[in-house]
Amino acid sequence: MSTIINALKSNLPEGAILTGESLKERYYHIWKMGEPLRAKAYLLPRSTEEVSKICSICFEHNQKVIVFGGLTNLVGSTETEGDEIIISMEKLNQIEELDDRSRTMTVQSGVILQKIHEVANAKDLMFPLNFGARGTAQIGGCIATNAGGLRVLKFGMTRAQILGLEVVLMDGTVLSSMKKIIKDNSAYDLKQLFIGSEGTLGIITKAVLKLREAPKARSSAFLGFNHYEKVVDFLKYIDRGMGGSLSGFEVIWKDSYKVMTGPDSSRKPVLDYSYKYYVLVESLGADHELEHSKLQNLIEKTIEEGRAEDAVLAHSEADLEWFWTIREDVKVLAEQTKFDQHFDVSVPINRMGSYVDSVLEKLQASEDVHNAYAFGHLADGNVHFIVAKHNSSDELRLWINDIVYSPLEEMGGSVSAEHGIGLHKKEYLKLCRTKEEIDTMKMLKRNFDPKGLLNKGKVLDV
């Protein structure tokens, strides 16, 4: 047994370290459960102190480390080469406090997002971060990737939901600023460096989350459009008309909608297949009758004035569930063929229509592409593509990457709206960050992780 494994075993409680045959029961992604994990060891700390001890031992032995959260990432952040030690956050899964007076929740990093929702809701509070993988994703991973989701329009990215953070550096140093206050201009806001750093600067172990009062009313509508300009005009119209209560504005392109509501899906269509764009809106407010009436009046005027071709309003909780599960259940798109490739990019809203049309046209013209599907959070400029392919060759993968990514630099877009860079997008970072920005990122990485041991090879080559 290696020296470092002995050192870890002597400093961790029994059951906190898995090696050998035990690793075959573990995996590096929830979609790859059939592939045994390649690693030196799999560690299951239960406290910040244990994480600190692990890091100091690994630092002393020059041992590479990868951090595991809910394993839902889409950019290769948890892929291993076999010579790493895995630090899993799954046992750091306690909600330490819910302070309904301060409207905060103090959580360990391994708490599942859905559990946070449930505990907050029981106190008539809300944590607004929301996306399809909420039943698996851990809050530490959400913070490390600055996750976005379905309500960024109203509440912002994860960054806007974090008040305090506790982080362990690679040498074992613990940086803890677990404050419940919203305003704190006492010099540098260090937590912001770790939010969105994808675990390359430090390991998040705890956080103080900012909660909101839970809305009493939720209203939604599905609309059909045939012209992208009308979709953008409607966004401005509905946002102004709802007076600040608009919380979601999702767009699904026709081919995607047909699959998401077709024979391979358990969801029937809300609108027929006559339209090029399907828009799903959501408003959150305090009075159900008022919000529903306000949205209904706006939708009726929208149709009367020719702003949209068709619309259906949700009239019950069952309707809301129906509408939103169509949007959230995107795995049916990936299941169209054996091989799929995922993208999440940001582009200026006024250019998204022509950009998506161009990308889809080029991809769908290839004999190696079964189909390409587009959907996304239009109100914050984020479009997702799922490309269903006939093979997994590197040549095809790189060609598809070029089709999706090459227009972004000229448009001032980003290769990652919310999924991060990880391993798969690293070579494309230069399309949306300047050399000076990347050099500064590398300087920060060397400062916080001077031996380059933490999530090595992810995001940056340092």
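The values are calculated or read from the model by the stated rules, or taken from the named source; none is laboratory data. If you're wondering where the values come from, they're calculated on a predicted model, not measured in any experiment. Counting neighbours? That spans all protein chains shown, and the Cβs are built from the backbone with ideal geometry, glycine included. In case anyone asks, the SASA skips ligands and DNA or RNA and just uses the protein heavy atoms, side chains included. Shrake-Rupley method; radii C 1.70, N 1.55, O 1.52, S 1.80 Å.
Considering only C-alpha atoms, what is the centroid distance from segment 295-319 to segment 173-207, in Å?
That distance is 43 Å.
Looking at segment 342-455, how many pairs of lysines come closer than 15 Å at the Cα, when each pair is eight or more places apart or spans two chains?
Taking segment 342-455 as the scope, the lysine pair count is 6.
If the reach is capped at under 17 angstrom between alpha carbons, list the aspartates and glutamates near Lys24, excluding any in the same chain fewer than eight residues apart.
Partners within reach: Glu35, Glu79, Glu81, Asp83, Glu84.
Choose one of Asn121, Val167, Asn391: the residue whose Cα lies farthest towards the positive end of the charge dipole of the chain (beta-carbon charges +1 Lys, Arg; -1 Asp, Glu; about the Cα centre).
Val167
Give the residue list of GluC sites (Glu not before Pro) in segment 78-177 that are DSSP loop and have at most 11 other beta-carbon atoms within 10 angstrom. Intermediate results must be reported in sequence, preceding the final value.
Working: sites: Glu79, Glu81, Glu84, Glu90, Glu96, Glu97, Glu118, Glu166; in loops: Glu79, Glu81, Glu84, Glu90.
Answer in residue order: Glu81.
I'd like the projected area of segment 191-308, averaged over all directions, using the convex hull of its alpha carbons. Report it in nm² with one decimal. Please report the intermediate quantities before stating the final value.
Values: hull surface 43.8 nm².
Quarter of the Cα hull surface area: 11.0 nm².
Please identify every one of the trypsin sites (Lys or Arg not before Pro) in segment 130-190 that sits in a loop by DSSP and has no more than 15 other beta carbons within 10 Å of its own beta carbon.
Values: sites: Arg134, Arg151, Lys154, Arg159, Lys179, Lys180, Lys183; in loops: Arg151, Lys179, Lys180, Lys183.
Loop-located and lightly packed - Lys179, Lys183.
Could you rank the peptides 336-347, 287-298 by their average count of other C-beta atoms within 10 Å per residue, with the highest value first? Spell out each step's value before the answer.
Numbers: 336-347: 19.4, 287-298: 15.7.
Descending mean neighbour count gives 336-347, 287-298.
Could you give the distance between the Cα centres of segment 394-431 and segment 234-290, to the whole Å?
Segment 394-431 and segment 234-290 have Cα centres spaced 28 Å from each other.
Report the FRET efficiency, 1/(1 + (r/R0)^6), for Glu321 and Lys430, where r is their Cβ-Cβ distance and R0 is 51 Å, rounded to 0.05.
Numbers: r = 43 Å, r/R0 = 0.84.
Result of the calculation: an efficiency of 0.75.
Please report the antiparallel percentage of DSSP beta bridges with both residues in the chain, rounded to the nearest 5.
Working: 63 of 73 bridges.
The answer is about 85 percent antiparallel.
Would you work out what percent of the accessible area of segment 1-70, with all protein chains in place, is carbon or sulfur (probe 1.4 Å)? Display every interim value, and only then the final one.
Numbers: 1730 of 3680 Å².
Roughly 47 percent of what the probe reaches on segment 1-70 is carbon or sulfur.
Could you tell me what % of all Cα pairs in the chain have separations over 36 Å?
31 percent
Tell me, what is the FRET efficiency for Thr80 and Gln296 to the nearest 0.05, using R0 = 60 angstrom and their Cβ-Cβ distance as r? Before the final figure, lay out each step's value.
Values: r = 52 Å, r/R0 = 0.87.
The value I calculate is 0.70.
In Å, what Rg and Dmax follow from the Cα atoms of segment 256-400?
In order Rg, Dmax, the Cα atoms of segment 256-400 give 17.3, 55 Å.
If we sort 109-117, 362-370 on the protection proxy, mean other Cβ atoms within 10 Å, highest first, what's the order?
Details: 109-117: 21.1, 362-370: 15.3.
The most tightly packed comes first, giving 109-117, 362-370.
So, for the chain, what is the accessible surface per residue at a probe of 1.4 Å, expressed in square angstrom? Mind dumping the intermediate values first?
On the way: 20380 Å² over 462 residues.
Roughly 44 Å² per residue, with all protein chains present.
Bins of 5 Å, beginning at zero and ending with the bin holding the largest distance: percent of Cα pairs per bin for segment 6-69, please.
3, 17, 27, 25, 17, 9, 2
Per the 1.4 Å probe, what fraction of the accessible area of segment 125-231, in percent, lies on carbon and sulfur atoms? Write down the numbers at each step before the final one.
On the way: 2090 of 3970 Å².
Here carbon and sulfur together make up 53 percent of the probe-accessible area.
Say R0 is 35 Å: what FRET efficiency, to the nearest 0.05, do Lys24 and Gln192 get from their beta-carbon distance? Before the final figure, lay out each step's value.
Details: r = 39 Å, r/R0 = 1.12.
Step by step, r from the Cβ atoms, then E = 0.35.
For Met443 and Asn6, calculate 0.36 nm times their separation in residues minus their Cα-Cα distance, and state this gained length in nm to one decimal.
On the way: separation 437, 0.36 × 437 = 157.32 nm, distance 3.33 nm.
Extra length from Met443 to Asn6 when fully extended: 154.0 nm.
Could you compute how much accessible surface Asp239 exposes when probed at 1.4 Å, giving the result in Å² to the nearest 10?
60 Å²
In whole percent, how big is the carbon plus sulfur part of the accessible area of segment 316-453, probe 1.4 Å, protein atoms only?
On the way: 3180 of 6300 Å².
Summing carbon and sulfur atoms, their accessible area is 50 percent of the total for segment 316-453.
Take the alpha-carbon centre of segment 25-75, take the same for segment 141-158, and report the distance between them in whole Å.
Computed from Cα coordinates, the inter-centre distance equals 24 Å.
If you take the square roots of the eigenvalues of the alpha-carbon gyration tensor of segment 132-231 and sort them as a ≥ b ≥ c, do you get rounded (a/c under 1.5), prolate (a/b over b/c) or oblate?
On the way: a/c = 2.39, a/b = 1.98, b/c = 1.21.
It comes out prolate by the Cα gyration axes.
Would you mind getting the Kirkwood hydrodynamic radius of segment 1-138 from its Cα pairs, rounded to one decimal in Å?
Working: mean 1/r = 0.0612 Å⁻¹.
About 16.3 Å, per the Kirkwood formula over Cα pairs.
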